[in-house]
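To start, the structure under review is shown below, and the notes come after it.
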Amino acid sequence: MILVTGATGTVGREVVRRLPADAPVRIMARDPARITDAGRGAQRVAAQYGDPRSLERALSGVLTVFLVTNRVAGDDDARFLRAARSAGVRRVVKLSAAAVTDRGADDLITRWQRANEELLRHSGMEWTFLRPRAFMSNTLSWAGTIRSEGVVRALHGTAANACVDPRDIAEAAVKVLTEDGHGSRAYTLTGPAPVTAVEQTHLLGRLLGMPLRFEELSPHEVRAALAGRYPPPVVEALLESAERGRAGAKAGVEPTVRELTGRAAGAFHDWAGDHVAAFATGGDAPVARPSAPAPAGAPITSPGSGVTGSRER
């Protein structure tokens, strides 16, 4: 039995869509009614990391887990791993972040992800880490101002980031969840080439058939805007991460998506083309609705997910 957590989030719901129809799957969510695209045979279970009894029910009979947590600096990983070990889980595939390998990264979110990896390493269960760079879908946070003003506002518009399509992360996750040979491995997942927020803005404008303007935000403006969305330590972590991006720390490309899936990682142009309706005036695709502009490549709050280090790394 495979248990998928985070199934209403950006990557988790794509994992659910891609798992083989005949695989024994259980999907964990606070509200199982929000789980979409699950196969007919998939089980749905209501559970929360802070509720040991619900975790016991969710983990009964489970051998493999896809683990996603998003409460920065919280103890959800520790709670879950204790319950998983007690339930007899053999293997955990953890969604982590590319920044954990960067010696220059010492912000709150990265330290939290490193600590979570260490917990899993010493859990007694087989482990695999998926470490994505920023999600291409983070640009959905621009949809509101693109629609209303024809403008994108972000920090460090010329900072390059080898952002990755969440669908590629999910496909890699499914391979690791359903195949042997991935124990004690860590996979950094990136797109095929680094791209800047300015370049993303111009590309979206071409796809939409309209001129888009990029406006550079100052760190002070971003700090003030994010203060209404996140606790101060998380805001500072995001700004520190953005500074590393400006210095080139996030531009490196890895071949891991091809190695795991057998095909090249998808380019931002392809992701944007598949989601252009979300940016169009009157578009009907789901769009995240942040209350303030974020740094380029920063996490956004999308349906079923919260702040997670993997979104902005």
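The values are calculated or read from the model by the stated rules, or taken from the named source; none is laboratory data. Everything numeric here is computed off the predicted structure, so don't read it as measured data. Cβ: placed from backbone, ideal geometry, glycine included. Neighbour counts: every protein chain shown.
Structure above, values below:
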{"read-out": "Answer residue from segment 260-269, given it is touching a residue at least 40 places away in the same chain (Cβ under 8 Å) and either under 20 Å from residue 180 (Cβ atoms) or of a type in the set (A, V, I, L, M, F, W, C) (or both) and is surrounded by the fewest Cβ atoms within 10 Å (Cβ to Cβ) among those", "value": "264"}
{"read-out": "Members of segment 87-96 found to be more than 21 Å from the chain's Cα centre (by Cα) and not in a helix (DSSP H, G or I), listed by number", "value": "88, 89, 90"}
{"read-out": "Output for segment 86-139, where each listed residue is out of contact with any Gly (no Cβ under 7 Å at 6 or more places or on another chain), more than 19 Å from residue 4 (Cα to Cα) and hydroxyl-bearing (Ser, Thr, Tyr)", "value": "101, 137, 139"}
{"read-out": "Unmet requirement for residue 251, which otherwise passes all of (1) touching a strand residue (DSSP E or B) at 6+ places or on another chain (Cβ under 8 Å); (2) under 23 Å from residue 170 (Cβ atoms)", "value": "(2)"}
{"read-out": "From 73, 84, 99, 105, residue being over 21 Å from residue 233 (Cα atoms), assigned by TED's automatic domain parsing to the domain that holds residue 53 and touching a helix residue (DSSP H, G or I) at 6+ places or on another chain (Cβ under 8 Å)", "value": "84"}
{"read-out": "Residue ID - surrounded by the most Cβ atoms within 10 Å (Cβ to Cβ), chosen from residues in segment 1-55 that are in contact (Cβ under 8 Å) with a residue 60 or more places away in the chain, more than 15 Å from residue 93 (Cα to Cα) and in contact with a strand residue (DSSP E or B) (Cβ under 8 Å, 6 or more places away or on another chain)", "value": "10"}
{"read-out": "Unique match (being closer than 30 Å to residue 82 by Cα and either of a type in the set (Asp, Glu) or in the same structural domain as residue 250 (by TED's automatic domain parsing) (or both)) among 171, 149", "value": "171"}
{"read-out": "Selection count where residues are assigned to a helix (DSSP H, G or I) and either surrounded by fewer than 23 Cβ atoms within 10 Å (Cβ to Cβ) or over 13 Å from the mean Cα position of the chain (by Cα) (or both), scope segment 173-208", "value": "17"}
{"read-out": "Residue 99 vs. criteria assigned to a loop (DSSP other than H, G, I, E, B), at pLDDT 95 or above and closer than 30 Å to residue 243 by Cβ", "value": "no"}
{"read-out": "Residue within segment 103-111 that is under 27 Å from residue 44 (Cα atoms), in contact (Cβ under 8 Å) with a residue 24 or more places away in the chain, outside any strand (DSSP E or B) and among the hydrophobic types (A, V, I, L, M, F, W, C) present", "value": "no"}
{"read-out": "Test result for residue 154, in contact (Cβ under 8 Å) with a residue 24 or more places away in the chain, in contact with a Phe, Trp or Tyr (Cβ under 8 Å, 6 or more places away or on another chain), assigned to a strand (DSSP E or B) and not assigned by TED's automatic domain parsing to the domain that holds residue 17", "value": "yes"}
{"read-out": "Among residues of segment 108-124, those that are among the aromatic types (Phe, Trp, Tyr) and surrounded by fewer than 17 Cβ atoms within 10 Å (Cβ to Cβ), counted", "value": "0"}
{"read-out": "When residues of segment 230-251 are limited to those that are basic (Lys, Arg) and over 18 Å from the mean Cα position of the chain (by Cα), the one farthest from residue 155 (Cα to Cα)", "value": "244"}
{"read-out": "Some residue of segment 89-96 being farther than 30 Å from residue 250 by Cβ and assigned by TED's automatic domain parsing to the domain that holds residue 33", "value": "yes"}
